[in-house]
Amino acid sequence: MITETLTVASSSVSTHSSSRWQAVLSRDLSADGRFVYAVTTTGVYCRPTCPSRRPLRQHVVFFNAGSAAAIAGYRACRRCRPDQPVSPAVARVERARRWMDTHGDTVPSLSTLAKVAGISPWHLQRSFTKLYGVSPREYAAARRVERLKTSLKSGAKSADAVYEAGYGSPSRVYEAAPGALGMTPRTYRSGGKSAAIRYAIAASSLGRVLVAATPRGLCRIAIAATDDELTTILRDEFPAADLVRDDKGLTQATRAVVDLADGRAAREIPTDVRGTVFQQRVWKALRQIPRGATRTYAELARAIGRPTATRAVARACATNPIALVVPCHRVVPASGGVGGYRWGGERKAQLLEGERSSRR
């Protein structure tokens, strides 16, 4: 039956067999849900993370989905359960992540998390990083920052918010605050009051461009038709900050941003942006898309190991605070066209064409 039905599902068989075979060999957790492999000698299909003994390459066939393997006559493996929405391997790592979400007042050790997940510390560290793009320690730190921000925005006193977020002492959070908040907790609570944010506005082929920076790096880039529109955008973002126009002091950063707006390559610029763990992963992946190239939202979701998170990826692109430097314009719909863009579809199309032309 299997050999007779292989042709029925041939359209679903992967053409990327080399990379997928490597994923099977390494039991790559980030590949889970992206494809399945079937073994012709046993008639069983598995997830790439299956703990069973690896078959010989010549006995393996790849399918884009378990349903295609089932149509071809293969049955689901009882160990990795490829017919279920979540694999046992992912479920174990998810247990550790959920535990951190509900125990925010503690700083868990890797061994504690490993016991929660039911796997070895080494395996948890490797699998967690593969699945979420950050280590368990980095994830826990980011969750503490999120809780701190929520408490501060709700009006809690700085000292209370620090302890509620799970920090052992105010000194610990003040050490981490510049990287986590871009300012001290007290300043963040007041909407950026007394925070020094310099900005500059310049002309580009896309219109007027605003470049804003903290002492650590760029914190906002915006594009509009007029200077008034741009300053309104900046004021809405930092309602109580001390905004100072400094065209001369930001000359290099402004020139680099204008180059990007005009489709040219530019020097690296230090940045100071805040976001969730997921947003940071998406923004990092965006910066890895070559100039002149594009990716679909689904491709970007797969690149960060979250193939089912296409909508969340689109939201992260839409909330990107530093357009051009983090090139969210390089992500397009699979259905065709340029798709949506915070600064307008015409500008997005112009950007993409400019980047393609500059590479010719």
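Report the FRET efficiency, 1/(1 + (r/R0)^6), for Ala65 and Glu346, where r is their Cβ-Cβ distance and R0 is 41 Å, rounded to 0.05. Provide the component values of the computation, followed by the final result.
Values: r = 38 Å, r/R0 = 0.92.
After rounding to 0.05, the efficiency reads 0.65.
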In whole Å, largest first, what are the principal axis extents of the Cα atoms in region 196-259? 31, 23, 15
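Taking 0.36 nm per residue of separation and subtracting the Cα-Cα distance, what length does fully extending Lys284 through Ser357 add? Could the numbers behind the result be given before it?
Values: separation 73, 0.36 × 73 = 26.28 nm, distance 2.45 nm.
Length difference between fully extended and current span is 23.8 nm.
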Any residue on another chain or 5+ positions along whose placed amide H is under 5 Å from the amide H of Thr271 is listed here as Leu218
Could you go through region 332-347 in sequence order and give the Karplus-derived ³J(HN,Hα) for each residue, using 6.51 cos²θ - 1.76 cosθ + 1.60 with θ = phi - 60°, rounded to whole Hz, and x for Gly and Pro? 10, x, 5, 6, x, x, 8, x, x, 7, 3, 9, x, x, 5, 5
Non-local residues with an amide H under 5 Å from the amide H of Arg295, with H modelled 1.01 Å from N and Pro and chain starts lacking one, are Val331, Val332
Relative contact order of region 196-259, please, whole-number percent, based on alpha carbon pairs below 8 angstrom and at least 6 residues apart. 40
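Take peptides 45-58, 333-346 and line them up by average Cβ neighbours within 10 Å, highest first, as a rough protection proxy.
Working: 45-58: 17.9, 333-346: 14.0.
Output ranking for 45-58, 333-346: 45-58, 333-346.
Given a Förster radius of 56 Å and the C-beta distance between Glu229 and Ser120 as r, what FRET efficiency does 1/(1 + (r/R0)^6) yield to the nearest 0.05? Spell out each step's value before the answer.
On the way: r = 55 Å, r/R0 = 0.98.
Rounded to the nearest 0.05, the efficiency is 0.55.
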Quick one: Lys284, Lys130, fewest Cβ neighbours within 10 Å first, how do they rank? Lys284, Lys130
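Compute the FRET efficiency between Trp99 and Thr319 as 1/(1 + (r/R0)^6), taking r as their Cβ-Cβ distance and R0 = 41 Å, and round to the nearest 0.05.
On the way: r = 28 Å, r/R0 = 0.67.
That gives a FRET efficiency of 0.90.
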If you take the square roots of the eigenvalues of the alpha-carbon gyration tensor of region 223-281 and sort them as a ≥ b ≥ c, do you get rounded (a/c under 1.5), prolate (a/b over b/c) or oblate? oblate
In sequence order, calculated HN-Hα J values of region 116-131 (Karplus, 6.51, -1.76, 1.60; Hz; x Gly/Pro): 4, 7, x, 9, 6, x, 4, 5, 5, 4, 5, 5, 4, 5, 4, 6
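Bear in mind that the values in this text are calculations on the coordinates, not laboratory data. Since the model is a prediction, treat every value here as computed from it, not as a measurement. Quick reminder, even Gly has a Cβ in these numbers, built from the backbone with ideal geometry, and neighbours come from all protein chains shown.
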